[in-house]
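Participant: One structure, as structure tokens, below. Some questions next.
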Amino acid sequence: MASFLKHLKLDETELPSCERTPPCTPKTPCSPLELSNHSFCFRKVHMFIISVLILNLGPDTPVIYQPEGHPKQAVIDGEIWPPIFKARNVRSAKCMRVEDEDLFIVTYPKCGTTWLQHICHQLLRGEYYQTSEGNEMCIQSPMIERMGGQFLSTVPHPRILKTHFSRINVPKSNKAKYIYCVRNPKDCLISYYHHNRNFKIYNFENGDFDTFVDLFLSGQLAFGDYFDHLLSWMPHIEDENVIFLKYEDMVENLEGAVYKIGVFLGGNAQKLVETPHRLETVVKNSRIDAMKKDQKRWFPESQFCRHKSEFIRKGGSRDWKNYLKKEQSDRLDAIFRTRMAGTAAEKWWIEEMAWDNLPITFITHLDIEDDFESVSRRGSFCSSIDVAKDPRNLLTYRSDRRSSFVSLLSSGYGSAWSLTNSH
């Protein structure tokens, strides 16, 4: 435990600083480059500079950068990460030794990670598992790329491991299990914006929203491009050891989500969800009002967060309508249609992402750190399930219901896609 806290604890002097990086690193306020919200592209403008810096600093030194108005970030092996990440930890996590009983909870940031960690801990360790100061969720279930492969060998088994890795980077095993959760990109963007403002490491407390939208749409934020992340996992919908879920459907039918996860995990988790009063307890413990209590149990927030009550902020669907301009919404729609064309995802979130003719439906549920329509082989599109007999099966019908709606998404606005196409 002490070893973990040594890794995790930071003071102000240890936070990455552009002032301690070489003078040619893009930074605020004295960058040699003129940057604007709409012209800056990390990949196009700075890859040569970053390459020179890596040659000079050595491959084990992350390049910390912060152009005007951007969150502070780091570059490791050509990928963008939070500024406190270390090269050796990211690399060792990618090639860590995977145990057969490992469970990986995989998401793009702000797509239900902590929510699923909490649910899975109850299913695997009992509905009354404990967290406390010094034994928070992030200790019991660490982010592998943050802590590195060496530390992960100390985590108790069965390990419940968190990661924001894309499929190409995630450690792979045919026997370990993977829960991959997705969330509509508009609500994900809004939640990620608040996350960057709240976490001290990004130095973005007063960050400009329009700048952040541009960075999200062009894949220039920590943990990479949202669309690349989703597409990397799409071919694995049918994998035996993967369950593919949607955040929005967990909001709508949490009991059904918990039940499906328990069956996927099998063993004692399956027995728990098949016991009605125990299933009810897990569901009750996992609702927003319960999870907002004692938020210190998720993360040592005093060290990292500006606003302690915002780790679990709010959630639901279409909160983005309170933030995005029509032009920004249209640009995101165009990118989504282009990137998801020909995949199952092109039919997703028609209601949630439409600009017109649909009311904003705020469902008081989770928006946490750190989804639910399964499209896996486990019966997501099966028409033989009787919803009337078991309301949990509502999850399997939402895709058919959604696909019957006429798309209200706008056309055009491909300029942002031209940035992401520079991979």
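The values are calculated or read from the model by the stated rules, or taken from the named source; none is laboratory data. Only a predicted model underlies this, so the values are computations on that prediction, with no experimental measurement involved. So basically every Cβ, Gly included, is an ideal-geometry build from the backbone, and we count neighbours across all protein chains shown. These accessible areas exclude ligands, DNA and RNA; they are computed on the full protein's heavy atoms, side chains included. Shrake-Rupley method; radii C 1.70, N 1.55, O 1.52, S 1.80 Å.
Participant: Which residues, counting only those in region 82-109, are touching a helix residue (DSSP H, G or I) at 6+ places or on another chain (Cβ under 9 Å), under 18 Å from Arg167 (Cα atoms) and open to solvent by 10 Å² or more (accessible area, probe 1.4 Å)?
Facilitator: Asn89, Arg91, Ser92, Lys94, Cys95, Met96, Arg97
Participant: Step by step: first the residues of region 233-251, then only those that are in contact with an Asp or Glu (Cβ under 9 Å, 6 or more places away or on another chain) and assigned to a helix (DSSP H, G or I), then the one that is nearest to Thr107 (Cα to Cα). Which residue is that?
Facilitator: Here the residue is Tyr247.
Quick grid of which residues meet (1) at positive phi; (2) open to solvent by 10 Å² or more (accessible area, probe 1.4 Å); (3) not in a helix (DSSP H, G or I):
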position: Glu205; (1), (2), (3): no, yes, yes
position: Leu215; (1), (2), (3): no, no, no
position: Gly219; (1), (2), (3): yes, no, yes
position: Ala257; (1), (2), (3): no, no, no
position: Gln270; (1), (2), (3): no, yes, no
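Participant: Could you tell me whether any residue of region 180-190 is open to solvent by 10 Å² or more (accessible area, probe 1.4 Å) and either aliphatic (A, V, I, L, M) or more than 15 Å from the chain's Cα centre (by Cα) (or both)? Don't jump to the end; show me each part of the working.
Facilitator: If we filter region 180-190 for residues that are open to solvent by 10 Å² or more (accessible area, probe 1.4 Å), which is where we start, we get none.
So far as region 180-190 goes, no, none of its residues is open to solvent by 10 Å² or more (accessible area, probe 1.4 Å) and either aliphatic (A, V, I, L, M) or more than 15 Å from the chain's Cα centre (by Cα) (or both).
Participant: Restricting attention to helices (runs of 4 or more DSSP H) lying wholly within region 273-336, give those where 3 or more residues are at pLDDT below 80.
Facilitator: Working: elements: 276-285, 288-291, 301-304.
Those helices (runs of 4 or more DSSP H) span 288-291, 301-304.
Participant: With under 24 Å from Ala290 (Cα atoms) and not in a helix (DSSP H, G or I) as the only criterion, which of Tyr192, Tyr128 stands out? Break it down into steps so the answer makes sense when it comes.
Facilitator: Values: Tyr192 fails: not in a helix (DSSP H, G or I).
That would be Tyr128, the only listed residue that is under 24 Å from Ala290 (Cα atoms) and not in a helix (DSSP H, G or I).
Participant: What pairs come out if I take residues in region 197-212 that are charged (D, E, K, R) and pair them with residues that are assigned to a helix (DSSP H, G or I) and open to solvent by 40 Å² or more (accessible area, probe 1.4 Å) whose C-beta lies under 9 Å away, six or more apart or interchain?
Facilitator: From residues that are charged (D, E, K, R), the pairs are Arg197/Glu310; Lys200/Glu12; Lys200/Gln303; Glu205/Arg197.
Participant: I need every pair where a residue in region 245-274 that is closer than 13 Å to Arg183 by Cβ has its Cβ under 7 Å from the Cβ of a residue that is open to solvent by 30 Å² or more (accessible area, probe 1.4 Å) and not in a helix (DSSP H, G or I), sequence separation at least 6 or different chains.
Facilitator: Filtered contacts from region 245-274: Val251/Ile363.
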